[in-house]
Amino acid sequence: MDGCPPGIPLDAGFLQQWLDKRRPGRSRHTTQRQEADAVRILSGVHEGQTTGTPIQLMIENTDQRSKDYGDIAETFRPGHADITYHLKYGHRDPRGGGRSSARETAARVAAGGVARAALRELVPGLDIRGYMTRMGEMEIDRARFDWDEIGRNDFWMPDAAALPGWEAYLQRIRKDRNSVGAEVEVVARGVPPGLGAPVYGKLDADLAAAAMSINAVKGVEIGEGMAAARLTGTANADEIFMGENGPEFFSNHAGGILGGISTGQEIVLRFAVKPTSSILTPRRSIKVDGSPTEVVTRGRHDPCVGIRAVPVGEAMVACVLLDHYLLHRGQVGVGPRGRIG
C-alpha cells in the first residue's frame, strides 16, 4: 500500500481482527481450508506507527492442495475465468484459480485494515459495517434489523430470527452438491460531507468500481439502486430540513451521495455475489483441444462465497473512503467549504 499518511498507529494485531472475519474454516458454513491468514508487516511501519513510505504486508498460504486441481488443467470449468484467461493469455496456472481465486481477497482485507487504521485517526466516529441481506431464496426481515446481531452469527446477518432457516437452507444446498449466491450490504456511518468530485472523481463511481472488482461480484447498487427505476421524482428526492447542527434529510434514497459527492448521510452500498462455480454436480464443458467433457470441481469450496465477501466489501469501502478523504483534504482542507445557516 502506498500513500498512507505517516504517524498512524498500526500493528499486525489490528489488521488480524479483520482477516479473522474473512479467513477460511471459521465456521461449518464456509470452505474447510485451515488457513490462519496470519499477516506480517514487512515495511512502512516503525515502532508501531506508519512512516509514510509504502507498507508491505505478507500473508502466507499454508493449507494449499494444488493436486485438487490436476484434473482440470486441460479443462475449462463452467463459471470460472479459466476460459477467458486462456483466450487472453494462451497460458494459465490452473492451481487454485490463480488471480481469479477468492484467495486473492485476503490481501484486500489486509489493505482495508490499514485504511481503517488511518480513518480511525483522521475521521473519528466513522464506522463501516457489512452484513448479508439475502442468500438465494432467503432474505432478512428489515423490521427485525439489529446492528448488534451482525457479529453474533456466521452469516453476518442482522436478523436473529431468520438464522435457523438460513442454516437449514445452506445445509440443503451443500447436500445437493450445489452452491448459492448472496447479497451483501455495506453501510458507512459518520462519513463527512464533501468527499468525492464531479464527473471524473465521483465517490459512488469509485465505490461501485471497487465493489465490482471483488471476485464473483456481478452487480452493485448505491442507495435505492435499481429500485429507483420504479420510483417517481416525488418519492425518490430526499427532502431537506435544517437541523440543530446543519442540514438534514428526511430520507436517504440517494445512499448518502449526490452528484458524486457525499452528503454526510449514511453511505449505503449493496452488491450481488454469484453462486460459487466450484461444485460437485457435473457440468458440461470442453477441453483445450475443443473436445466435450463433464466437469466436477473437487476440493474445499464455499457453498456460499457471499459469507466471506462481507469483510471484503467492508475493506474495499474503507480503501475508497480513505482515498477520497485524502484527496478532499488536499484540495479544500479539512471539512466542507460551504456553510449553510
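The values are calculated or read from the model by the stated rules, or taken from the named source; none is laboratory data. Every value quoted in this text rests on a predicted model; they were computed, and no experiment measured them. Glycine also receives a Cβ, built like all others from the backbone with ideal geometry; neighbour counts cover every protein chain displayed. With ligands, DNA and RNA removed, areas are computed over all heavy atoms of the protein, side chains included. Shrake-Rupley method; radii C 1.70, N 1.55, O 1.52, S 1.80 Å.
Over all directions, the average projected area of the alpha-carbon convex hull for segment 92-204 comes to how many nm²?
Details: hull surface 43.8 nm².
Value for segment 92-204: 11.0 nm².
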Overall dimensions of segment 155-284 by Cα: Rg and Dmax, Å: 18.5, 63
statement: Cα extents of the chain along the principal axes, largest first, in whole Å, come to 70, 51, 39
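What does the highest-first list of 122-129, 287-294 look like by mean Cβ count within 10 Å?
Details: 122-129: 15.8, 287-294: 9.9.
So the order, starting with the most tightly packed, is 122-129, 287-294.
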message: For a protection proxy built on the mean count of beta-carbon atoms within 10 angstrom, sort 188-196, 159-167, 313-321, 329-337 highest first, please.
response: 313-321, 188-196, 159-167, 329-337
message: So, taking all protein chains as they sit and a 1.4 Å probe, how much accessible area belongs to Y85, in Å² rounded to tens?
response: 70 Å²
- prompt: If a helix is a whole DSSP H run, which ones in the chain reach 15 Å or further along their own axis (Cα) and hold a mean Kyte-Doolittle hydropathy of at least 0.0?
  reply: 105-122, 306-332
message: Going Cα to Cα from K175, which lysines come in below 23 Å? Please leave out same-chain ones fewer than 8 positions away.
response: K274
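Computed from the mean reciprocal separation of all distinct C-alpha pairs, what Kirkwood hydrodynamic radius does segment 160-237 have, in Å? Before the final figure, lay out each step's value.
Numbers: mean 1/r = 0.0618 Å⁻¹.
For segment 160-237, the Kirkwood estimate is 16.2 Å.
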task: Using Cα pairs closer than 8 Å and at least 6 residues apart in sequence, work out the relative contact order for the chain, in percent.
output: 23 percent
message: Ignoring solvent entirely, what values of log10 I(q)/I(0) come out of the Debye formula for segment 274-341 at 0.24, 0.25, 0.26 Å⁻¹ when each Cα is a single scatterer?
response: -1.03, -1.06, -1.09
message: Over the Cα atoms of segment 214-341, what radius of gyration and what Dmax do you get, in Å?
response: 21.8, 72
